[in-house]
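Structure first, then comments.
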Amino acid sequence: MVHVVLVSGWQTVNIGDVAHTPGALRAFQRYAPDVKLTLWARSIDENVRQMLRRYFPDVEIVEDRVVAGEPLSPALERLFAEGDLLVHGSGPSLVGQVEVAEWHRRTGKPHGIFGVTVDPLRPYVSTLARAASMVSAIDGDLLTELQREVLDTAAFVYCRDSLTERFLAGQNLAAPTIAFGPDATVMFDVVDDGDGQAVLAEYGLQPGQFLCAVPRLRFTPYHQIRNYPPAAEDVRRTAYNAGYVKSDLDVLRQAVIGWVRATGQPALVVPEMSYAMQVAEAEFAGTFPADVADLVHILPRFWDLTEAAAVYRRAGAVVSMECHSPLIALAEGIPSIYLRQPTDTIKGEMYNDLGLPFVELGPGADAAAGQLLQKIVDDRPAAAERVQETRDGAQERVRGMVETAMAAVGSRIR
């Protein structure tokens, strides 16, 4: 039996970052059902542990960390001895590069990358089209020494957006496979309907007859989330957020208003990140016109991934300023629209790659988002069919990623 070690679990304050892990586990369980899976978790909490034990009871979880200059823990010694393949899970960057490098140096066994973004431009503010021009213009080595080691020695490198693929293809890497491969979140479809029942009951939401709306600031206020004194860059980003919060959130507000007026059905404002509901309460409460106000609800708390996925599964549509809620909705077969902010990374190119609808925030964004949402409202069966085709295509690509991973250890899958 092939033993696959998944390095994943980057943080728990964002349900999108949580979803990477069960999505990748689901991919291997579905397309390589005979493998043994171990999760080498970087940062998970008890809620995530319970979710993983519930839905993936056969997956062992190891949380020991590599410490520079110190020997591996007994658990990692055993993992390195017994594992056959290390897979770096989907994420915003090579978050687990230290773990991957340690595996490669100590074992010489194969490793690969399962859908990441490596953004050479950040923190430039741009549209995706302009970012594509910049990536194409890069002429020189922009990888760190550790990034190059991890990527150069990989058996496969799957990039969750084609701009990352384009960048890495020009970095003279020796990896035999550098290709687009979706974020593993598109595979996360395992939760029970009951996980979202309390929210549906609290707000009187009927299946297929409500909208979920997800707000976001241009820069995540990590100093507030993690309760540390703000550095100069945090102060700058907070000021930058203040300059755009009202205009950005007004695009989401207008989408909510359009939905309620077109359908007579409610909308629920929900978080992808833990800070979002403070923003929603401050910017949305009491701002909706009288004819829709009674049908707009703001969830007053953060929620976990299983609850979110179960509610999205029952929604009529999801409109999100965050990148991963539409992917969670996609896995559940629900139409969605992504409202991309110019400060977000090149990861947004995955929406072009997958054929998912999105709008770049700026002049005319409210009208564009409204038109996309009205298209869903006008013909829901057609919208559902488009989502199903997109999901099938994305998951077929993930199947190919798993096949490549298993080929790296000389195994065949059904």
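The values are calculated or read from the model by the stated rules, or taken from the named source; none is laboratory data. The model shown is predicted, which means the values in this text are computed figures rather than measured ones. Neighbour counts run over all protein chains shown; Cβ positions are idealised from the backbone, glycine included.
The table for this structure:
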{"read-out": "Of the criteria (1) in contact with a Lys or Arg (Cβ under 9 Å, 6 or more places away or on another chain); (2) of a type outside the set (D, E, K, R); (3) closer than 21 Å to residue 309 by Cβ, which one residue 4 fails", "value": "(3)"}
{"read-out": "Residue ID - nearest to the chain's Cα centre (by Cα), chosen from residues in region 96-141 that are hydrophobic (A, V, I, L, M, F, W, C), over 30 Å from residue 3 (Cα atoms) and crowded, with 17+ Cβ neighbours inside 10 Å", "value": "128"}
{"read-out": "Failed item, numbered, when residue 367 is tested on (1) among the hydrophobic types (A, V, I, L, M, F, W, C); (2) touching a residue at least 24 places away in the same chain (Cβ under 8 Å); (3) assigned by TED's automatic domain parsing to the domain that holds residue 207", "value": "(2)"}
{"read-out": "Extreme residue, farthest from residue 137 (Cα to Cα), among residues of region 81-121 that are acidic (Asp, Glu) and in contact with a strand residue (DSSP E or B) (Cβ under 7 Å, 6 or more places away or on another chain)", "value": "82"}
{"read-out": "Hits in region 329-348 (condition: surrounded by 20 or more Cβ atoms within 10 Å (Cβ to Cβ) and over 15 Å from residue 124 (Cα atoms))", "value": "329, 330, 331, 332, 334, 335, 336, 337, 338, 339"}
{"read-out": "Residue in region 209-230 that is nearest to residue 295 (Cα to Cα), counting only those that are hydroxyl-bearing (Ser, Thr, Tyr) and touching a residue at least 12 places away in the same chain (Cβ under 8 Å)", "value": "220"}
{"read-out": "Residue count for region 278-298, restricted to those that are of a type in the set (A, V, I, L, M, F, W, C), within 20 Å of residue 337 (Cα to Cα) and either modelled with pLDDT under 95 or not in a helix (DSSP H, G or I) (or both)", "value": "2"}
{"read-out": "Filtered residues of region 241-269 (kept if part of a helix (DSSP H, G or I) and either free of Cβ contacts under 8 Å to residues at least 24 places away in the same chain or polar (S, T, N, Q) (or both))", "value": "241, 242, 243, 247, 254, 263"}
{"read-out": "Restricting region 181-231 to residues that are polar (S, T, N, Q) and under 23 Å from the mean Cα position of the chain (by Cα), the residue that is surrounded by the most Cβ atoms within 10 Å (Cβ to Cβ)", "value": "185"}
{"read-out": "Residues satisfying the stated conditions in region 148-202, i.e. out of contact with any helix residue (DSSP H, G or I) (no Cβ under 8 Å at 6 or more places or on another chain), closer than 30 Å to residue 309 by Cα and in the same structural domain as residue 102 (by TED's automatic domain parsing)", "value": "165"}
{"read-out": "Given (1) under 23 Å from residue 14 (Cα atoms); (2) not in a helix (DSSP H, G or I), index of the condition residue 234 fails", "value": "(2)"}
{"read-out": "Total residues in region 4-37, condition outside any loop (DSSP other than H, G, I, E, B) and surrounded by 18 or more Cβ atoms within 10 Å (Cβ to Cβ)", "value": "23"}
{"read-out": "Residue 235 among the aliphatic types (A, V, I, L, M), surrounded by 15 or more Cβ atoms within 10 Å (Cβ to Cβ) and not assigned by TED's automatic domain parsing to the domain that holds residue 18", "value": "no"}
